[in-house]
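**Q** Below are the structure tokens for one structure; questions will follow.
The values are calculated or read from the model by the stated rules, or taken from the named source; none is laboratory data. Please read these numbers as outputs of a predicted model, since none were measured by experiment. Counting neighbours? That spans all protein chains shown, and the Cβs are built from the backbone with ideal geometry, glycine included. Heavy atoms of the whole protein, side chains included, go into the accessibility calculation; ligands, DNA and RNA do not. Shrake-Rupley method; radii C 1.70, N 1.55, O 1.52, S 1.80 Å.
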Amino acid sequence: MTEIPEHLLRRSAEARARATGAPAAGEGEAPAAAQPDDDDGVTIPRSLLEASQQPGGAPAVAGMAPAGGPAAAGGGVATALPPLMAGPAGNTHRLLTVVKSGSIQDVKASPGDKVHVWPHLLAAEFTAALFITAFTLVFSLFINAPLLELANHNETPNPSKAPWYFLGLQELLTMFDPMIAGVTIPGVALILLAFAPYVDKNPSLRPEDRKFAISVQTIHLMFWAVLVIIGSFFRGQGFNFTYPWDTGLHGIFHL
Amino acid sequence: MANTLESPDTKPKLPQRLQNAQQQAADWMQDSQFWTSIFRPGSIFRKGYTDSPRNRSYVIMNSVLYHLHPVKVKRHAVKVSYTLCLGGLSFFLFILLTITGIFLMFFYRPTDTAAWADIESLHTQVAFGLLVRNMHRWAAHLMVITVFLHMARVFYHGAYKAPREFNWVVGVMLLQLTLLLAFTGYLLPWDQLALWAVTVGTNMMGFTPVFGEQVRFVLLGGQQIGAETLLRWYVLHVLMLPFVIVIFMAIHFWRVRKDGGISGPL
């Protein structure tokens, strides 16, 4: 309820007094007098029921907004101009029923902690897109993509390396039989990776409950990362082991 | 001093008048049928857009973004420290690669006699040719890294667990498709690096039992890498694999929403 100036309240009370024929002085006390304490939480409070049945809306209005204090009398402002379709006592509203909150309203138990995609998510995505574009652009301004001599079937470069993301496989081929290094190990790794959700039955998301899964995956990822790093930087002429700080990266590492 | 005071009938100064004219033009544009037909109600480009919860919802609901994003997401889902934006970055790098790749296609012929020279002249004859090729190359390497890191992130959050099992499988497919796209693109410059990297890579493929040799033969268009290989890998790289990966991405993004948004918090 908004604050209503004193003189307007007084004027509305006088206007209502003229309309109802009751003394204006009684209006100010009505809100305080009608504090309902018969609300048992199940049935409609008796005071409200009675108020809705008797003419003169003022007690009903006060009953509906007991916390309104003096401003509750603002309900009388509407009667400053007696309306055409007014009831016998000049009241324009009648309280039909009072419905307890929760009885027919569908209040969701947990609305959840959600935020709008615009702007919260879109702004972050847009920033990320700008950032990655800027990074790629600046990187490309300074570092050129390699273009060696024209392809020549008769001249095998030494060493010959696969693209870096396959160097783990190439590295495995130096250690094991092709059937194991090229087929069994990557095949099993890939199938296990794809079927991880069906193998890992542990429903918990908490890291402390998933020590085994996290350990296995970390070892798995590190396995490939270490192989790729060795294949990229530690394999020189003839794919023999070398240290990059001895031979330099020239000729042994390409992107 | 008195004559410097503004009198009410003084005309506005030029910058003010320019600003007014600009405002009038903008109002006229935003009121036009043309403008309102493009930007549906709730668009931030509509006249009188105000920041309210209702309009925030409309921004998504009344735009094509509704195909990708819901109106609201869980609060933790927008935390960059949770996702590191890796999935989104992978997708954005794919778009960047598509744009730069289309540019490169204008200047490239996938034949063993023309390919290398086309790249060479792209470097020297075409405006921004070298820059765009650099961006395509580095974005490709970057995408392999972001897709890999995205996979790791999802694993460590346990996000592959029910109900997201199948989306994880789709994601592993996407990882492989990304590697295949990168690998097929590797051959196209037709230089020594491309030829021998792909030779090593496809030799490994030949070890696959039962059908390894056959697959290798079909992919190379012969026993060893040649002009047919270049054409096949070009078509794979610019058409077939992008087509397949877009379908898988559509399913992947759709399932993210259908499975209840991203997982977590931990």
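**Q** Just for segment B:5-59: of the residues that are open to solvent by less than 60 Å² (accessible area, probe 1.4 Å) and polar (S, T, N, Q), which one is nearest to A:Leu121 (Cα to Cα)?
**A** Across segment B:5-59, the extreme among qualifying residues is B:Ser57.
**Q** Hey, any hits in segment B:124-143 for a residue that's within 7 Å of another protein chain (Cβ to nearest Cβ), without any contact (Cβ under 8 Å) to a residue 40 or more places away in the chain, surrounded by 19 or more Cβ atoms within 10 Å (Cβ to Cβ) and over 22 Å from B:Leu230 (Cβ atoms)?
**A** Yes, because at least one residue in segment B:124-143 is within 7 Å of another protein chain (Cβ to nearest Cβ), without any contact (Cβ under 8 Å) to a residue 40 or more places away in the chain, surrounded by 19 or more Cβ atoms within 10 Å (Cβ to Cβ) and over 22 Å from B:Leu230 (Cβ atoms).
**Q** Right, here's the next one. Tally up the residues in segment A:120-137 that are open to solvent by 80 Å² or more (accessible area, probe 1.4 Å) and within 12 Å of B:Leu93 (Cα to Cα), please.
**A** Here is the first cut: in segment A:120-137, the ones open to solvent by 80 Å² or more (accessible area, probe 1.4 Å) are A:120, A:126-127, A:130-131, A:135.
Next, from what is left, pick out any that are within 12 Å of B:Leu93 (Cα to Cα): A:130-131, A:135.
Adding up the residues that qualify gives 3.
**Q** Any residue at all in segment B:201-211 that's more than 7 Å from chain A (Cβ to nearest Cβ), touching a Leu at 6+ places or on another chain (Cβ under 8 Å) and part of a helix (DSSP H, G or I)? Lay out the reasoning, then the answer.
**A** So the first thing to find is which residues in segment B:201-211 are more than 7 Å from chain A (Cβ to nearest Cβ), and the list is B:202-203, B:205-206, B:210-211.
Filter once more, so that each one left must be touching a Leu at 6+ places or on another chain (Cβ under 8 Å): B:202, B:205.
Now restrict to residues that are part of a helix (DSSP H, G or I): B:202, B:205.
Looking through segment B:201-211, at least one residue is more than 7 Å from chain A (Cβ to nearest Cβ), touching a Leu at 6+ places or on another chain (Cβ under 8 Å) and part of a helix (DSSP H, G or I).
**Q** What are the residues in segment B:144-185 that are within 8 Å of chain A (Cβ to nearest Cβ), surrounded by fewer than 22 Cβ atoms within 10 Å (Cβ to Cβ) and among the hydroxyl-bearing types (Ser, Thr, Tyr), if any?
**A** Result: B:Tyr156, single match.
**Q** Here's a follow-up. I want to confirm something. Restricting to segment B:84-113 and keeping residues that are over 22 Å from the mean Cα position of the chain (by Cα) and within 11 Å of another protein chain (Cβ to nearest Cβ), which single residue is farthest from B:Val256 (Cα to Cα)?
**A** Residues of segment B:84-113 over 22 Å from the mean Cα position of the chain (by Cα): B:109-113.
So of that shortlist, the ones also within 11 Å of another protein chain (Cβ to nearest Cβ) come out as B:112-113.
Values: B:Asp112: 43, B:Thr113: 46 Å.
Per the criteria, the residue is B:Thr113.
**Q** Any residue at all in segment B:11-27 that's modelled with pLDDT of 90 or more and within 25 Å of A:Pro119 (Cα to Cα)?
**A** yes
Yes or no, residue by residue, for (1) more than 7 Å from chain B (Cβ to nearest Cβ); (2) open to solvent by less than 50 Å² (accessible area, probe 1.4 Å); (3) over 38 Å from the mean Cα position of the chain (by Cα):
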position: A:Trp118; (1), (2), (3): no, no, no
position: A:Phe139; (1), (2), (3): no, no, no
position: A:Leu150; (1), (2), (3): no, no, yes
position: A:Asn154; (1), (2), (3): yes, no, yes
position: A:Ala162; (1), (2), (3): no, yes, yes
position: A:Tyr165; (1), (2), (3): no, yes, no
position: A:Gln170; (1), (2), (3): no, yes, yes
position: A:Pro178; (1), (2), (3): no, yes, yes
position: A:Tyr198; (1), (2), (3): no, no, no
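**Q** Something else about it: Can you tell me which residues in segment B:65-93 are open to solvent by 70 Å² or more (accessible area, probe 1.4 Å) and closer than 28 Å to B:Met135 by Cα?
**A** Quick first cut of segment B:65-93, residues open to solvent by 70 Å² or more (accessible area, probe 1.4 Å) only: B:66-67, B:72, B:75, B:79-81, B:84.
Correct list: B:Val80, B:Ser81, B:Leu84.
**Q** Pairs only if they're at least six apart or on different chains, beta carbon under 8 angstrom, first in segment B:1-30 and assigned by TED's automatic domain parsing to the domain that holds B:Phe45, second aromatic (Phe, Trp, Tyr) and at pLDDT 65 or above; list them, first residue then second.
**A** Between residues of segment B:1-30 that are assigned by TED's automatic domain parsing to the domain that holds B:Phe45 and residues that are aromatic (Phe, Trp, Tyr) and at pLDDT 65 or above, the close pairs are B:Met29/B:Trp35; B:Gln30/B:Phe45.
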